[in-house]
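Below you'll find the structure, written out as structure tokens, and then a few comments.
The values are calculated or read from the model by the stated rules, or taken from the named source; none is laboratory data. Predicted, not measured: the structure shown is a model, and the values here were computed from it. Heads up, the Cβs are rebuilt from the backbone with ideal geometry, glycines too, and the neighbour counts pull from every protein chain shown. Protein only, heavy atoms only, side chains kept; ligands, DNA and RNA dropped before computing areas. Shrake-Rupley method; radii C 1.70, N 1.55, O 1.52, S 1.80 Å.
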Amino acid sequence: MTMGIAAKTPTPPPEQAAADVRKAERTDRIVGTVQRQGALAVLVVVVLIALAAFPNFRSFDNTGTILVAAAPPMLIALGMTFVILTGGIDLSVGSLYVLGGVLAAWASQYGFVAAFAAPLLVCGAIGVANGLLIAYTRMAPFIVTLAALLGARGLMRAISSEGSETFLVKSDAFRRLGNGSFLDIGYQVWLVVALVVLGMVLLARTRFGHAVYAVGGSADAAALMGIAVHRTKVWVYVMSGLLAGLAGAINAAKLGSGVTVLGTGMELDAIAAVVIGGTLLTGGAGTIAGTIAGVLLLGVIQNLINQVGNVNSNWQQVISGTFLALVVVAQTYLVKLRRVS
Amino acid sequence: MTTQVAARPAVNLKGLSQYGVYLAILLLVLYNIFFTPYFLTWSNLRIQLIQVAPIVIVALGMALVIGTEGIDLSVGSVMALAAALIPLYLGYGVVAAIIASVLAGVAVGFINGVLVARVGLQPIVATLALFVGGRGLAVVITHGQLKDVRNPDLIYLGSGDLLGIPVLVWVAAALVLVVAFLVRRTVFGRRLLAIGGNRPATELAGLPVKRVLITVYIVCAVLASIAGLLSVARIQSSDASAVGLLIELSAITAVVVGGTPLTGGRVRVLGTVAGALLMQLVIATMIKHNLQPSTTEMVQAVIILIAVYVARERKTR
Amino acid sequence: MLEVIDVSKTFPGVRALDHVSFTLNQGEVHALVGENGAGKSTLIKVLTGVYQPDDGELRYQQQKAQFGTPMDAQHAGISTIYQEVNLVPLMSVAHNLFLGREPRNRLGLLDEGRMHREAREILAGYGVTADVRRQLGTLALGEQQMVALARAVMIDAKVVIMDEPTSSLEPREVATLFGVIRDLHSRGIGIIYVSHRLDELYQICDAVTILRDGKVVHTGKLTDLERIRLVSLMLGREMSEVRREGATAFSGAATGDTGAAPVLRASGLTSRTKLHDISFEVRPGEVVGLGGLLGAGRSETIKAIGGAYPLDSGDVQVNGVDLKKPTTVRAVKAGIAVQPEDRKAEGIIAGLSVRENIALAVLPQLSRLGLVSDSKIDAIVEKYMTRLRIKASSPDQLVGDLSGGNQQKVLLARLLATGPKVLLLDEPTRGIDVGAKAEVQSLIDELAAEGLGVVLVSSDAEELIEGADRVVVLRDGVVVGVLTGAEVTTEDLMATIAAGGNA
Amino acid sequence: KSEDDGSKTGSAAPASAGAQVAASASAGAATCTIDQFGGTKLDLKTAKVGFSQSEKEANPFRIAETQSIKDEAAKLGITNLTTTNANSQFNKQISDVEQMIDSGVQLLVIAPLNSDGWDSVFAKASAKKVPIITIDRKINATPCKDYLTFIGSDFAEQGKRAADEMAKAMGNKGKVAILLGAPGNNVTTLRTSGFKDEIAKVAPEIKIVFEQTGNFAREDGQKVTEQLLQSNPDINGIYGENDEMALGAITALKGAGKKAGDVKVVSIDGTKGAVQAIVDGWASAVVESNPRFGPLSFATAQSFFGGEPVGEDIIIQDRQYGTDNAKADLASAY
Ligand SMILES: Nc1ncnc2c1ncn2[C@@H]1O[C@H](COP(=O)(O)OP(=O)(O)OP(=O)(O)O)[C@@H](O)[C@H]1O
Ligand SMILES: Nc1ncnc2c1ncn2[C@@H]1O[C@H](COP(=O)(O)OP(=O)(O)OP(=O)(O)O)[C@@H](O)[C@H]1O
Ligand SMILES: [Mg+2]
Ligand SMILES: [Mg+2]
């Protein structure tokens, strides 16, 4: 008996199969790019519509307002991106943001440097505590940072007479940082741009950045490959804490005081921005560019709702929620396309 | 639990991790007995039970969702939606109002479930959408108006007694039993835990994973809507902008402090009740001793950390 | 060069290593063997700083050593390929290869260009030609294993440790691996080699250490040790007992009833780029093998039939009834049971008990009005635990705490409990020890004899040849041949795969 | 169908009822003219006006406030009115206002969420000479320079009046508990200090034994009061820093089996529910905090743009409800 190979003509022939694979790989790449830049694509579309529909949107001032308003959320989302890339989450950023602002305003009486040092030290320390607990006790990031959310808010209230005392910014230099500008673009925006670029380089072009991806992709594998998993985790929470504190500080500089009634829900906004930006909540994949697009998208949407004017405050939230769902569903659909092909 | 006899300190640690919450409650109660006037009275106990009831009910649903390795941020918004609908339908009687609010729960749960099970969104993001939009919708429905509720049947639900125990507490206790029964004795419960343990495996084993997931989110939202209804009955007014605010965090805390891991595959129903009770007692103690919010918040943070540290999962492999 | 003296390691409830001493000499390929759960991987993890020993001492290059983390061991020149492929699937191939030791430019930033170039060059030497910028997870398992190997050998290692490196390699890749090992050997590098495939050990190892229940039961030159004696030492059974069994536990007799109507008929299965018009049928009592190299689409075929892989077109019929777009739910209802390839990720539910795992798929039958009946569950669990000889301290033990073989049996028990008509088995004996393997194989025989249709996927050619009555050979998602009757031999299988390859 | 259908309790009180009246300014009080402030005269009708609300229109005070601004604008024929709502997020309010300045509004009416933190807004507004009228809550800054004027109540004074009523109701002795507003809110701070100072002055025999936050919310007010009644069963008076918390407290009192009048309840705001509670005998007095800012705001703006001097601090007269007038004035409560 002969073998049954020839008996059946394989359909399609292997050459075509190979061509199919190549084609699939190409689609894969295109879809992958769109998926990664999905937030940017949506942002571009929304901005184009806004430009056409709202004359005010076009103004330079309005753009400046959007960017300056986006500065603190951008810093927080930047830190959150690192945290989420390792597969974690940081709920404490909203509280740290308020705490940072109060500390900066209080410390500004001792000068410009103190106004930065105080929030960075305290918020950084809370970040260290978050990181150590998460890395070394295997407690869930969600719950550790939830406790930090409460703790930091308590601390903020404790130093501000239960929130009733608002420290005014005493250092003029510090105040200028909040409202001054260079080339008509606020100092804050420059600072954020610098930090974002730094973050991008850190993530894409350093060993630490790759370690972040590896830890999020598979912590066990990373450990076995000789990556210092615990240390990487501690660092991302420290970064997140520092950035949240810094965001609070520059916001205090802008407002001229350590406002105590800020920041509720800030952490969820940051998470939403990161996820809209295409970063997987499970960690291991995502980009800072996506996060930027995510933050700006949320900012622009807010701006547009105001441009429409007179939208009932409650409808605003319905619109935001719906929009969030649509964007995330679109993202997921793109990712799925990619998996199947 | 492993029945393997291993006479090692590990057993003690395991016991501690399982009974940590109960121990903490015991300690807190002891403290209060000695240092808080009028603590050991029936009326005080009654108040604590009444206040904790809505959180327990929401936490039960949350525990189920967490058992499937999910999370539901939208519970507070569901409570608001339920609250918003009640005054609209109360004119037809209390039953109509209950049906309307529960249906709101079903609808939200269905949307959450579909987003998670079919679309494949991560639970935290899927439910974030309704967390943001749901309350807005609720306030839109009520035009932002707080509505007083005067229907005696509904008020009975919120502040009446049955055999000397508040109706609210009866309802919560009954729901605890139902959920405990659901988890321990029903096919649905076992499936839910299996999904939380290993979703791809459960899918390959031919279980209707999507249906179970959607059902879990519906159950969670319905429980939240019941909590919303009872809150309205208790406050005797419906305020969509305030009811259930931040309850998702209280509920998640109760579940986790009660020893249910966020990684799914296990649900501790009684632990969840204990977790809610512990947090309630902490807050009550703080209020009774007239402490400031800052102190209350910091103490809560520490207690959450300790409770979760003690109850945390030991890595087995 | 690397030795441990009197090392013990205890996990909650298990003594994984019990006063173990082990020595690796310079330039030696040292086999480490033992049943599942004997402690091989644990020993390796102790050697490389993943675990700290409870007591005993570690010596490296004649000096007392202590590795706090895998990184310490790496820096000292000990490089390891762990049992499960331990790379990061979401990162690119090049990034995986260089993770933690990426080339940097003068500014201290990573030099991506150089990294990609070097990665391409290095991997070409291992027969991996895929784009190094692709996500690692999109590569075939074998290719991933080769990347792990390249990574391990890349550093200037003095010792290379390999924990079951061949369990997911195809023959050609195994040959490449052996080439690498010989090369390392000639450069005087010490190698520790763990495998359940005894042939391989005799091909390349010099020395052997046998572990049983965490204790060393033998150590010495491999050539001095008869194969049968090795097995008996490993299993702790008498030689005579072991001798009776052949290479596999399959009877080899065809059980298929050639006249009967097929219980499973798959026709024209097509799915994007993975499967192209795959058709075959299985008759009751028949074991149909799916042959082919890694990546040929065997797993996809099986999953597609079980409803777990999306199909663009094609039909699946069970006993003549069309499934109409199979879903997992529908497939199980129709009597198809799938044992997936990746036991941990898609098979068992590690956090649930043996009892829950076995009963999982049949709960509706074991319950009334949605309420489960404990007595019915106990009955069925008892039945399968005895029948499959599942070793567990009790039905309530967590499946994750069982050894690999027993986990596999629990998984089979779950499938059998559904009362299937067809069993689809994907690598049922991968990574399980000789003893358990034999048990699983004879079980497959028994089941076929009882009239079940079985589809068997195995990368172990011997297992496929002895176990299957008929072998359908796949390549690149296309059926390239069917071996029947006397053609079912290793030579014919290889020829078919090769011929397909030349087409 | 709602419970109220058929009975139709009038939801919107006639616009004229309960209109704000400015307290007569003391002689020599600072005023501000358009020349002092800088900027140009213009006709309010065609001007672009922006209104920034701080909290969601989800409670009677905010609803009435926003509605009053909108109604008055409509009445005056101001067509170009933009409203925004910060949803209690301070940073959003800042960018809302900045955005309105960018879009060229010529008059800003702001209900600030917080009294501090307006530096960046003032910088922008003064560059464009946009006058800002802050309503209901004052901003800590320089009037007639950073902003034009403040129209609103004196919160400390409200607390003081509540204390007077409480002292009267309790017969100058007993134990009183305070349900504080949201922490960090300066309304809370002022209503607390005003109350405490006055109690210490007029009725030193009244002891303040308990202070816990109820976050200005009814449910929290109820919960805290329930705890309070357990730990301090001998309490004689409850001061709610807003009506919502006081109503929550009343529900708690009912639940604890107390009778109307057992515990004296005094609160601030003057919502319909609270005034009704006086009629029912559960509350003793309610100090009004009038939310109908529309007429006074636009009248002030009109005189300002018309070149007349306007006061830098326009404190409105808040009414008060007690057992004597509650029934009669119920209809004009909001
Ligand atoms: N982290 C852990 N926690 C608890 N028990 C463990 C852990 N790691 C291993 N064990 C147990 O220690 C014993 C030895 O396991 P090990 O992985 O070393 O076996 P092995 O010889 O490599 O088996 P296999 O051939 O299946 O890979 C087993 O009983 C296993 O269940
Ligand atoms: N889209 C994909 N994403 C992730 N991995 C993929 C993808 N496509 C293919 N692979 C990998 O390719 C490998 C080979 O494919 P396949 O499972 O079809 O091989 P096989 O013939 O079934 O071999 P075996 O069963 O012996 O592993 C898979 O093990 C899988 O890891
Ligand atoms: Mg092993
Ligand atoms: Mg496969």
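Looking at region B:27-40, which of its residues are more than 13 Å from residue B:278 (Cα to Cα) and open to solvent by less than 50 Å² (accessible area, probe 1.4 Å)?
B:36, B:39
Kindly check whether there is at least one residue in region C:192-202 that is buried (at least 20 other Cβ atoms within 10 Å of the Cβ) and free of Cβ contacts under 8 Å to residues at least 60 places away in the same chain.
Here is the first cut: in region C:192-202, the residues buried (at least 20 other Cβ atoms within 10 Å of the Cβ) are C:192-196, C:201.
With free of Cβ contacts under 8 Å to residues at least 60 places away in the same chain added as a condition, the list becomes none.
No.
Among the residues that make up region D:210-232, is at least one of them open to solvent by less than 10 Å² (accessible area, probe 1.4 Å), within 14 Å of another protein chain (Cβ to nearest Cβ) and in a strand (DSSP E or B)?
yes
What number of residues in region C:285-307 are closer than 11 Å to residue C:424 by Cα and outside any helix (DSSP H, G or I)?
Counting residues in region C:285-307 that are closer than 11 Å to residue C:424 by Cα and outside any helix (DSSP H, G or I) gives 5.
Conditions tested, residue by residue: (1) at pLDDT below 85; (2) within 13 Å of ligand 2 (Cβ to nearest atom).
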position	(1), (2)
C:289	no, yes
C:293	yes, yes
C:300	no, yes
C:303	no, yes
C:314	no, no
C:342	yes, yes
C:345	yes, yes
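Looking at (1) more than 16 Å from ligand 1 (Cβ to nearest atom); (2) assigned to a strand (DSSP E or B), which is the one condition that is false for residue C:211?
(1)
Is it the case, given these coordinates, that residue C:307 is away from ligand 4 (no atom under 14 Å from the Cβ), in the same structural domain as residue C:428 (by TED's automatic domain parsing) and either under 29 Å from residue C:358 (Cα atoms) or under 21 Å from the mean Cα position of the chain (by Cα) (or both)? Reasoning before the result, please.
Details: away from ligand 4 (no atom under 14 Å from the Cβ): yes; in the same structural domain as residue C:428 (by TED's automatic domain parsing): yes; either under 29 Å from residue C:358 (Cα atoms) or under 21 Å from the mean Cα position of the chain (by Cα) (or both): yes.
Yes, satisfied.
Return only the number of the condition from (1) touching a residue at least 12 places away in the same chain (Cβ under 8 Å); (2) open to solvent by less than 20 Å² (accessible area, probe 1.4 Å); (3) touching a Ser or Thr at 6+ places or on another chain (Cβ under 7 Å) that residue D:156 does not satisfy.
(2)
Which pairs do you get when a residue that is facing chain D (nearest Cβ under 7 Å), found in region A:243-267, comes within reach of a residue that is in a strand (DSSP E or B) and of a type outside the set (Lys, Arg), reach meaning Cβ atoms under 8 angstrom, with the pair 6+ apart or on two chains?
A:256/A:168; A:257/A:168
Does residue C:456 satisfy the condition of being within 16 Å of ligand 4 (Cβ to nearest atom) and either not in a strand (DSSP E or B) or not assigned by TED's automatic domain parsing to the domain that holds residue C:14 (or both)? Lay out the reasoning, then the answer.
Details: within 16 Å of ligand 4 (Cβ to nearest atom): yes; either not in a strand (DSSP E or B) or not assigned by TED's automatic domain parsing to the domain that holds residue C:14 (or both): yes.
Here the answer is yes, as residue C:456 does meet what is asked.
Could you grab me the full set of residues in region C:27-52 that are more than 16 Å from ligand 3 (Cβ to nearest atom) and either within 14 Å of chain B (Cβ to nearest Cβ) or modelled with pLDDT under 85 (or both)?
Scanning region C:27-52 gives C:27, C:49.
Filter region A:174-194 for residues that are exposed (fewer than 14 other Cβ atoms within 10 Å of the Cβ) and within 14 Å of another protein chain (Cβ to nearest Cβ); which is farthest from residue A:72 (Cα to Cα)? Outline the logic, then answer.
Taking region A:174-194 and keeping what is exposed (fewer than 14 other Cβ atoms within 10 Å of the Cβ), we get A:176, A:180, A:182-184, A:194.
This time we only want the ones that are within 14 Å of another protein chain (Cβ to nearest Cβ), so: A:176, A:180, A:184.
On the way: A:176: 16, A:180: 16, A:184: 19 Å.
Here the answer is A:184.
Among the helices (runs of 4 or more DSSP H) lying completely within region C:82-199, list those that include at least 1 residues that are over 18 Å from residue C:29 (Cα atoms), of a type outside the set (A, V, I, L, M) and within 16 Å of ligand 1 (Cβ to nearest atom). Steps first, answer last, please.
Numbers: elements: C:93-98, C:112-124, C:141-154, C:171-186.
Filter on region C:82-199 gives C:141-154.
Quick check on this structure: which one of A:229, A:144, A:169, A:236 is open to solvent by less than 10 Å² (accessible area, probe 1.4 Å), in contact (Cβ under 8 Å) with a residue 40 or more places away in the chain and within 11 Å of another protein chain (Cβ to nearest Cβ)?
Values: A:229 fails: open to solvent by less than 10 Å² (accessible area, probe 1.4 Å); A:144 fails: in contact (Cβ under 8 Å) with a residue 40 or more places away in the chain; A:236 fails: within 11 Å of another protein chain (Cβ to nearest Cβ).
Just a single option satisfies the conditions, and that option is A:169.
Within 14 Å of chain A (Cβ to nearest Cβ), among the charged types (D, E, K, R) and surrounded by fewer than 23 Cβ atoms within 10 Å (Cβ to Cβ): which single residue out of D:175, D:124, D:168 fits that description?
Details: D:175 fails: within 14 Å of chain A (Cβ to nearest Cβ); D:168 fails: within 14 Å of chain A (Cβ to nearest Cβ).
The match here is D:124.
Looking for whichever is among the hydrophobic types (A, V, I, L, M, F, W, C), within 11 Å of another protein chain (Cβ to nearest Cβ) and at negative phi here; the options are B:302, B:273. Which one fits?
Values: B:273 fails: within 11 Å of another protein chain (Cβ to nearest Cβ).
Of B:302, B:273, the one residue that is among the hydrophobic types (A, V, I, L, M, F, W, C), within 11 Å of another protein chain (Cβ to nearest Cβ) and at negative phi is B:302.
Confirm whether residue A:154 is within 14 Å of chain D (Cβ to nearest Cβ), outside any helix (DSSP H, G or I) and surrounded by 17 or more Cβ atoms within 10 Å (Cβ to Cβ).
Here the answer is no, as residue A:154 does not meet what is asked.
Out of contact with any Pro (no Cβ under 8 Å at 6 or more places or on another chain) and over 30 Å from residue C:70 (Cβ atoms) - does that describe any residue in region A:227-250?
Among the residues of region A:227-250, at least one is out of contact with any Pro (no Cβ under 8 Å at 6 or more places or on another chain) and over 30 Å from residue C:70 (Cβ atoms), which makes the answer yes.
Looking only at region D:82-120, how many residues end up being assigned to a helix (DSSP H, G or I), in contact (Cβ under 8 Å) with a residue 24 or more places away in the chain and out of contact with any strand residue (DSSP E or B) (no Cβ under 8 Å at 6 or more places or on another chain)? Before you say what the answer is, go through the steps one by one.
Quick first cut of region D:82-120, residues assigned to a helix (DSSP H, G or I) only: D:90-102, D:119-120.
Filter once more, keeping what is in contact (Cβ under 8 Å) with a residue 24 or more places away in the chain: D:90, D:93-94, D:96-98, D:100-101, D:120.
Then drop every residue that is not out of contact with any strand residue (DSSP E or B) (no Cβ under 8 Å at 6 or more places or on another chain), which leaves D:90, D:94, D:98, D:120.
Of the residues in that region, 4 qualify.
Does residue C:452 satisfy the condition of being over 23 Å from the mean Cα position of the chain (by Cα), of a type outside the set (Val, Ile, Thr), modelled with pLDDT of 85 or more and more than 23 Å from residue C:194 (Cα to Cα)? I'd like the intermediate steps shown before the answer.
Numbers: over 23 Å from the mean Cα position of the chain (by Cα): yes; of a type outside the set (Val, Ile, Thr): yes; modelled with pLDDT of 85 or more: yes; more than 23 Å from residue C:194 (Cα to Cα): yes.
Yes, satisfied.
Pick from region C:36-78 the residues that are within 9 Å of ligand 1 (Cβ to nearest atom) and not in a loop (DSSP other than H, G, I, E, B): which of them is most open to solvent (accessible area, probe 1.4 Å)?
Taking region C:36-78 and keeping what is within 9 Å of ligand 1 (Cβ to nearest atom), we get C:36-45, C:51.
Going one step further and asking which of them are not in a loop (DSSP other than H, G, I, E, B), we end up with C:40-45.
Numbers: C:40: 14, C:41: 31, C:42: 20, C:43: 1, C:44: 1, C:45: 55 Å².
Among residues in region C:36-78 that are within 9 Å of ligand 1 (Cβ to nearest atom) and not in a loop (DSSP other than H, G, I, E, B), the one most open to solvent (accessible area, probe 1.4 Å) is C:45.
Go through (1) within 13 Å of chain D (Cβ to nearest Cβ); (2) modelled with pLDDT of 80 or more; (3) not in a helix (DSSP H, G or I) one by one and return the number of the condition residue A:139 breaks.
Condition (1) is where residue A:139 drops out.
Would it be correct to say that residue C:145 is within 16 Å of ligand 2 (Cβ to nearest atom) and within 11 Å of chain A (Cβ to nearest Cβ)? Break it down stepwise before answering.
Details: within 16 Å of ligand 2 (Cβ to nearest atom): yes; within 11 Å of chain A (Cβ to nearest Cβ): no.
No: the conditions fail for residue C:145.
Looking at residue B:291, is it surrounded by fewer than 24 Cβ atoms within 10 Å (Cβ to Cβ) and part of a loop (DSSP other than H, G, I, E, B)? Don't jump to the end; show me each part of the working.
Details: surrounded by fewer than 24 Cβ atoms within 10 Å (Cβ to Cβ): yes; part of a loop (DSSP other than H, G, I, E, B): yes.
Yes: the conditions hold for residue B:291.
Provide a single number: the residues in region C:470-484 that are in contact (Cβ under 8 Å) with a residue 60 or more places away in the chain and open to solvent by 30 Å² or more (accessible area, probe 1.4 Å).
Adding up the residues that qualify gives 4.
Please name all residue pairs, on different chains or six or more residues apart, with Cβ atoms under 7 Å, provided the first residue is in region C:399-425 and is within 16 Å of ligand 1 (Cβ to nearest atom) and the second residue is of a type in the set (Lys, Arg).
So the pair list comes out as C:400/B:317; C:406/C:391; C:407/C:343; C:408/C:343; C:411/C:343.
Having 2 or more residues that are within 14 Å of chain C (Cβ to nearest Cβ) is the bar; report the helices (runs of 4 or more DSSP H) wholly within region B:152-249 that clear it.
Working: elements: B:152-159, B:167-185, B:187-197, B:199-204, B:209-235.
Those helices (runs of 4 or more DSSP H) span B:167-185, B:187-197, B:199-204, B:209-235.
Say whether the condition of being in contact with an Asp or Glu (Cβ under 8 Å, 6 or more places away or on another chain) and either open to solvent by 50 Å² or more (accessible area, probe 1.4 Å) or facing chain B (nearest Cβ under 9 Å) (or both) is met by at least one residue in region C:313-321. Full working, then the answer.
Residues of region C:313-321 that are in contact with an Asp or Glu (Cβ under 8 Å, 6 or more places away or on another chain), as a first pass: C:314-316.
With either open to solvent by 50 Å² or more (accessible area, probe 1.4 Å) or facing chain B (nearest Cβ under 9 Å) (or both) added as a condition, the list becomes C:315.
Yes: region C:313-321 contains one or more residues that are in contact with an Asp or Glu (Cβ under 8 Å, 6 or more places away or on another chain) and either open to solvent by 50 Å² or more (accessible area, probe 1.4 Å) or facing chain B (nearest Cβ under 9 Å) (or both).
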